[in-house]
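The values are calculated or read from the model by the stated rules, or taken from the named source; none is laboratory data. What you see is a predicted model, and the numbers here were worked out from it, not measured in a lab. Please note: Cβ atoms are built from the backbone with ideal geometry, for glycine as well, and neighbour counts cover all protein chains shown. Areas reflect the complete protein model, heavy atoms only, side chains present, ligands, DNA and RNA absent. Shrake-Rupley method; radii C 1.70, N 1.55, O 1.52, S 1.80 Å.
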Amino acid sequence: MRKQIAAANWKMNLTLAQGEQLLDEIIAAPHSLSNNQLAVFAVPFPYLTMAQQKLSGKQNVFVAAQNCYSKKSGAYTGEVSVEMLQSIGIQYVVLGHSERREYFNESNHFLAEKVNICLEYNITPIFCCGEPLHIREADTQNEFVGKQLEESLFHLSAGQITKVVIAYEPIWAIGTGKTASNEQAQEMHAFIRQQFAAKYGEAVANEISILYGGSVKANNASAIFAQPDVDGGLVGGASLIANDFTAIINALK
Ligand code: PGA
């Protein structure tokens, strides 16, 4: 059975003290995670160790980095390697968030290299894909997202692809308060799963968790997560509010 995942993406927000307080509040709030449910916290690099310590021993709770570099090590000032992340016990990395694609020019091919190095080090990539508004308006979102998957992921083996988590995030719904409708989310998630089924077979496709991202809130999470091909969410704004993110964890199916 594929995992249902509530992933918090703090982005470039919060001081250390605010991050500590947020995690303390979420830990103290009533939530329960069953065997196939996970909560993941993608925090800024300087807070990874703090978050690891606070969440250690918590069942089905993981810390993620928000990025990594594609090379093993060397003269890349300012970058963070997967080996470094592995050495502090990190098991998840968000890759290819639309903000990184847009502001830092991350291409599908560059992301393929990052996916490879994560898998080499046994770190699960949370691979983001999703179309901008003009593509949605032209109704070519399937081609757009299909190309992102093909160019960054389809070189992987069936054994490798089941270690990748997908986050579909329509760019027009990120931080805008505009969520894709439940139907739009389901339609795209089903399309993504079909692409994996066509490439790797149905059984493999059914193992892959596909999260929805883009203005997931406490009051819409259950309805979105209830869609058959939606396996949880990648959550920005609402993950910064303890009560809201707790409600989102509790909305997992
Ligand atoms: P949002 O961000 O929930 O604030 O829309 C989601 C994301 O960018 O991962």
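Summary of values
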quantity	calculated
Using θ = phi - 60° and Karplus 6.51 cos²θ - 1.76 cosθ + 1.60, couplings along the range 80-96 (whole Hz; Gly, Pro as x)	10, 8, 5, 4, 5, 5, 4, 5, 10, x, 6, 10, 9, 9, 6, 10, x
Listed residue pairs exceeding 31 Å between alpha carbons, taken from Lys11/Lys253; Lys11/Lys163; Lys58/Lys199; Lys71/Lys253; Lys3/Lys71	Lys58/Lys199; Lys71/Lys253
Dimensionless Rg ratio for the range 13-148, taking C-alpha atoms and the 2.2 N^0.38 Å reference	1.17
Carbon/sulfur fraction of accessible area - the range 4-250, other protein chains in place, 1.4 Å, %	49 percent
Distant-in-sequence amide H partners of Gln37 (H built 1.01 Å from N, under 5 Å)	Gln4
Residues with amide H under 5 Å from that of Ser209, placed H, sequence gap 5 or more	Lys3, Ile166
In sequence order, calculated HN-Hα J values of the range 237-253 (Karplus, 6.51, -1.76, 1.60; Hz; x Gly/Pro)	x, 6, 7, 8, 10, 3, 5, 5, 5, 4, 4, 5, 4, 6, 8, 4, 8
Alpha-carbon Rg/Rh ratio, for the chain, with Rh computed the Kirkwood way	0.93
Electrostatic dipole magnitude of the chain [Cβ: Lys, Arg +1; Asp, Glu -1; Cα centre; debye, to 20]	460 debye
Label-point separation in nm, Glu143 to Ser56, each point 7 Å along Cα→Cβ	5.2 nm
Per-pair calculated FRET efficiency, R0 = 51 Å: Ala29 and Asn108 via Cβ, rounded to 0.05	0.85
Residue-by-residue Karplus 3J(HN,Hα) for the range 227-235, coefficients 6.51, -1.76, 1.60, Hz, glycine and proline x	5, x, 9, 9, 10, x, x, 10, 10
GNM top mover of Gly175, Gly78, Gly57 - the chain, alpha-carbon springs below 10 Å	Gly78
Other-chain or far-sequence residues with amide H under 5 Å of Leu95's (modelled H)	Ile126, Phe127, Cys128
Whole-number accessible area per residue in Å² for the range 4-250, which is evaluated in the context of all protein chains at 1.4 Å	43 Å²
Inter-part distance where the range 176-224 and the range 83-125 are each reduced to a Cα centre, Å	21 Å
Dipole magnitude of the range 133-188, debye to nearest 20 (Cβ charges: Lys/Arg +1, Asp/Glu -1, about Cα centre)	220 debye
